[in-house]
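**Q** Handing you a structure now.
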Amino acid sequence: MSLGFIGGALNSAVGYTHFNSSRLDGHFRVDCGCFSRNPQRNAQAARVYGVDDDRTHANWTALLEAEKGKVDALLVITPTPEHADIVVAALHAGYSVICEKALATSSAECRVIADAVQRNNGFLAVTYNYSGYPMVRELRRLIAVGALGRIHQIHIEMPQEGFMRRAAAPQAWRLKDETLPTVSLDLGVHVHHLVQFLTGKSPLEVIGDQSTYGPFHDVIDNVYCLARYEDDLRVQSWFGKTALGYRNGLRIRVFGGEASAEWFQMEPEDLHISQADGRHVVLDRGSGEPNMACEQRYNRFKPGHPSGFIEAFANLYADIADQLRQFQTGETLRNDYVYGVHQSEEGLRFLEAIATSAAKKSWETI
């Protein structure tokens with residue numbers, strides 16, 4: 001299928017990742033784009049991505065005018081504060097849209113996008129890429145079949161060191177907090193999504209703490225949260241950009257009545273299970289017992305040849321392609337791995353409640 005880029009030049013944090021992962025399994029090809037407002041960066045990205053000059057556009061409005069009916073979807077990977085205007089305009093112009101997280105800077109913006117989706121009977125998918133890891137999907141399956149028993153608590157953390165390294169040079173837009181702290185839009189949306197992805201549960205109330213530890217004094221860079229979810233589930237979260245020693249410390253620990261499970265993004269092939277009878281099991285793509293990670297779609301390489309971040313992103317792109325094809329043929333949309341505007345809105349309401357709680361120093365209902 002044909003894909004157009006809005007954003008994603010070579011200096012983008014995730015542009016080259018999207019380019020490679022969308023094409024890895026042959027579901028998409030990049031045919032056009034406005035990769036940057038900077039003419040040199042725009043042209044450079046087009047050359048690297050193999051996009052013809054006549055389909056490389058100077059701005060996104062020109063792309064919307066020129067490419068209608070020529071692409072299957074547009075990918076929006078501009079800075080988050082620019083998403084809402086572009087996504088809404090693309091939906092009104094009749095495009096199917098794939099958008100990098102966070103979909104918007106606030107739940108109010110999400111509701112505007114939701115209205116555009118509904119009015120145009122549109123297609124919108126948001127890329128929460130960590131749910132593409134096979135062992136995260138296996139953990140979801142284990143929870144669903146009750147292998148861990150009733151889940152009573154989850155501890156999830158996503159510490160990074162990006163604001164504390166001496167050579168730190170964050171993009172300018174990341175050094176300005178909007179309605180929400182930018183660190184919540186960068187990392188907190190993943191925390192919310194992963195808990196919802198794994199359990200299907202929604203948060204009910206939160207108590208949060210936000211702080212600034214790094215050298216960029218005008219922005220929040222560290223967030224703690226304790227949340228009460230449906231069915232008496234408790235979730236403790238930590239995410240931030242001032243944890244020296246962590247390039248990306250995403251870790252999920254799930255505790256149930258029959259077993260617990262732990263997954264660490266830096267060791268993505270292994271899912272550690274601790275049973276109530278004292279047994280400790282490590283599942284991976286080569287495990288003897290059946291698990292989702294043994295499926296052919298997740299085994300581009302033999303077990304022992306690690307699969308990582310690009311492959312996780314590609315798994316999500318395969319799911320998005322499946323759902324987009326269903327949408328194009330008028331079939332019922334049924335891919336359980338693809339999320340859109342409503343789940344994004346819940347995540348932003350969750351993060352807004354954390355910010356309000358931190359300011360009030362009290363529990364906040366969502």
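Please treat every number below as a calculation from the coordinates, not as lab data. Here the structure is a predicted model, which means the values were calculated and not measured. Note that we place each Cβ from the backbone using ideal geometry, even for glycine, and neighbour counts take in every protein chain shown.
**Q** Placing +1 at every Lys and Arg Cβ and -1 at every Asp and Glu Cβ, with all other atoms neutral, what dipole size does segment 57-185 have around its Cα centre, in debye to the nearest 20? Show your work: numbers first, answer last.
**A** Details: 13 positive and 13 negative charges, 87 e Å.
Here segment 57-185 has a charge dipole of around 420 debye.
**Q** Also, I was wondering about something else. Kindly express, to the nearest 10 degrees and within the range 0 to 90, the angle between helix 83-92's C-alpha long axis and the longest C-alpha principal axis of the chain.
**A** So the inclination is approximately 60 degrees.
**Q** With only Lys, Arg, Asp and Glu charged, each at its Cβ (+1 for the first two, -1 for the last two), find how big the charge dipole of the chain is about the Cα centre; round to the nearest 20 debye.
**A** Working: 36 positive and 44 negative charges, 90 e Å.
Once rounded to the nearest 20, the dipole reads 440 debye.
**Q** Sequence-distant or interchain residues sharing an amide H contact under 5 Å with Leu124, placed H: which?
**A** Those lying under 5 Å, H to H, from Leu124 are Val97.
**Q** Please list the non-local residues whose amide H lies under 5 Å from the amide H of Ile366, H modeled 1.01 Å from N, same-chain partners needing a gap of 5 or more.
**A** It is Glu205, Val206, by chain and number.
**Q** Let me ask something additional. For segment 109-120, take each phi angle, set θ = phi - 60°, evaluate the Karplus expression 6.51 cos²θ - 1.76 cosθ + 1.60, and give the result in whole Hz per residue in order, putting x for glycine and proline.
**A** Taking θ as phi minus 60°, the curve returns 4, 4, 5, 5, 5, 4, 5, 5, 4, 5, 4, 9 Hz for segment 109-120.
**Q** If you filter segment 229-308 for chymotrypsin sites (Phe, Trp or Tyr not before Pro), then keep DSSP loop positions with at most 14 other Cβ within 10 Å, what is left? Mind showing how you got there, number by number?
**A** Working: sites: Tyr229, Trp238, Phe239, Tyr246, Phe255, Trp263, Phe264, Tyr298, Phe301; in loops: Tyr246, Phe301.
Qualifying residues, ordered by number: Phe301.
**Q** Along the positive direction of the dipole of the chain (beta-carbon charges: Lys, Arg +1; Asp, Glu -1; about the Cα centre), which of Leu185, Val219, Ala84 reaches farthest?
**A** Positive-end residue among those listed: Val219.
**Q** Same structure again: Based on the alpha carbon coordinates of segment 108-247, what radius of gyration and maximum Cα-Cα distance (Dmax) apply, in Å?
**A** 17.0, 48
**Q** A follow-up question, please. Using Cα pairs closer than 8 Å and at least 6 residues apart in sequence, work out the relative contact order for the chain, in percent.
**A** Numbers: 753 pairs, mean separation 70.2, N = 366.
About 19 percent, as a whole number.
**Q** Note down, for segment 319-366, the three equivalent ellipsoid semi-axes (square root of 5 times each alpha carbon gyration tensor eigenvalue), biggest first, whole angstrom.
**A** On the way: eigenvalues 260, 12, 9 Å².
The equivalent ellipsoid of segment 319-366 has semi-axes of 36, 8, 7 Å.
**Q** If you plug each phi of segment 196-212 into the Karplus form 6.51 cos²θ - 1.76 cosθ + 1.60 with θ = phi - 60°, what whole-Hz ³J(HN,Hα) values come out, in order, with x for Gly and Pro?
**A** Karplus-based 3J(HN,Hα) across segment 196-212 equals 5, 4, 6, 10, x, 8, 10, x, 10, 7, 9, 10, x, 9, 10, 8, 10 Hz.
**Q** While we're looking at this one, here's another question. Okay, which of segment 63-93 sit inside 19 Å, backbone N to the point 7 Å along the Cα-Cβ direction of Ala108?
**A** 80-89
**Q** Still on this structure, please answer the following. What list of ³J(HN,Hα) values in whole Hz, one per residue of segment 26-43 in order, does the Karplus curve 6.51 cos²θ - 1.76 cosθ + 1.60 (θ = phi - 60°) give from phi, with Gly and Pro shown as x?
**A** Rounded to whole hertz, the list is x, 7, 10, 9, 8, 10, 7, x, 10, 7, 6, 6, 6, x, 5, 5, 4, 5.
**Q** Additional query: Report the paramagnetic label zone for Leu204: residues of segment 325-366 whose backbone N is under 12 Å from a point 7 Å from Cα along the Cα-to-Cβ axis.
**A** Flagged as within label range: 365-366.
**Q** Then there's this: Pulled fully out, how much extra length does the chain show between Ala168 and Val282, if you take 0.36 nm times their separation in residues and subtract their Cα-Cα distance? Present the calculation step by step, with values, prior to reporting the outcome.
**A** Working: separation 114, 0.36 × 114 = 41.04 nm, distance 3.62 nm.
Answer, rounded to one decimal: 37.4 nm.
**Q** Here is a follow-up. Just report the Cα centroid separation between segment 351-366 and segment 299-340, whole Å.
**A** Comparing the Cα centres of segment 351-366 and segment 299-340, I get a distance of 35 Å.
**Q** For the chain, would you read off the P(r) tail past 34 Å as a percentage of all alpha carbon pairs? Display every interim value, and only then the final one.
**A** On the way: 17613 of 66795 pairs.
Tail fraction, whole percent: 26.
**Q** With n ≥ 4 as the cut-off for DSSP H runs, can you work out [θ] at 222 nm for the chain, using -39500 (n - 2.57) per run divided by the number of residues, rounded to the nearest 500? Working shown, then result.
**A** Working: 9 runs with 114 residues, N = 366.
-10000 deg cm²/dmol, from helical runs alone.
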